[in-house]
Amino acid sequence: MTDLPDPVAAAKQIVETYLHLSMIPDPEGAARHVAPGFRMIFTGGRRFASPADSAAFNVRRYNWVKKCFLRTDAAIDPETGEVRVYNTGYLYGEWPDGTPFETNRYIDVFTVRGGRITETQVWNDSAEILLDRHALSEAPL
């Protein structure tokens, strides 16, 4: 038996804490969980360097937005010791015109190394929903 912490469980806790702080939004609090050189890549390839960058982007896209977590899964890379954390669920909130939404699927993929998030990749249905709302989608949702 060992007293060493479980790196997978620790990484999942770091990610969930970061996400909760991001939803307040508290970008300064969230930033305490990221490593120097942190990278964030949003749907469409938008790149951000800090939680404050993504919070500023979200202010333009939503009146407000939160996440309903469905699952947080993780796996360790035995060669590097990095942990990949997958958090999935639904976004809910309000579009800039005041219309509420609640079934916007998302998945965020995090890389955690040394107790800090080094990268996150963010995918969600927001762009497709906005295209559909403006009659620009190729097929109905």
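Read the figures in this text as sums done on the coordinates, not as results from a lab. Keep in mind it's a predicted model, so treat the numbers as computed, not measured. For neighbour counting, all protein chains shown are included, and Cβ atoms are generated from backbone atoms with ideal geometry for every residue, glycine included.
How fast does the stretch 1-56 diffuse by Stokes-Einstein, in µm²/s, taking the Kirkwood radius from C-alpha pairs at 20 °C and 1.002 mPa s?
In µm²/s, the coefficient is 172.
Relative to the compact-globule scaling 2.2 N^0.38 Å, provide the ratio for the alpha-carbon radius of gyration of the chain.
Against the compact-globule rule of thumb, the ratio is 1.12.
Find which of VAL8, GLY81, LEU19 sits farthest along the positive direction of the dipole of the chain, computed with +1 on the beta-carbon of Lys and Arg, -1 on that of Asp and Glu, about the Cα centre.
The listed residue farthest towards the positive side: LEU19.
With a 10 Å Cβ neighbour count serving as the proxy for reagent exposure, in which order, fewest first, do PHE38, PHE69, PHE110 appear?
PHE69, PHE38, PHE110
Go ahead and estimate [θ] at 222 nm for the chain from helices alone: -39,500 (n - 2.57) per DSSP H run with n ≥ 4, summed, over the residue count, rounded to 500.
Taken over the chain, the calculation gives -8500 deg cm²/dmol.
Roughly how far apart, in whole Å, are the Cα centres of the stretch 101-124 and the stretch 1-58?
Cα centroid of the stretch 101-124 versus Cα centroid of the stretch 1-58: 8 Å apart.
Show me, for the stretch 101-116, the HN-Hα J-couplings you get by feeding each phi into the Karplus relation (A = 6.51, B = -1.76, C = 1.60, θ = phi - 60°), rounded to Hz, glycine and proline as x.
9, 8, 10, 8, 5, 8, 9, 10, 10, 10, 10, 10, 9, x, x, 9
Given H placed on each backbone N at 1.01 Å, which residues far from SER137 in sequence or on other chains put an amide H within less than 5 Å of it?
ASP132
Under 5 Å between amide hydrogens, which residues at least 5 positions from GLY89 or on another chain qualify, with H placed 1.01 Å from N in the peptide plane?
LEU70, TYR106
Using the number of other C-beta atoms within 10 angstrom as an exposure proxy, rank ARG32, ARG60 with the fewest first.
With the fewest neighbours first, ARG32, ARG60 line up as ARG60, ARG32.
What order do you get for 61-67, 17-23 when each peptide is scored by the mean count of other beta carbon atoms within 10 Å, highest first?
Highest to lowest by the protection proxy: 17-23, 61-67.
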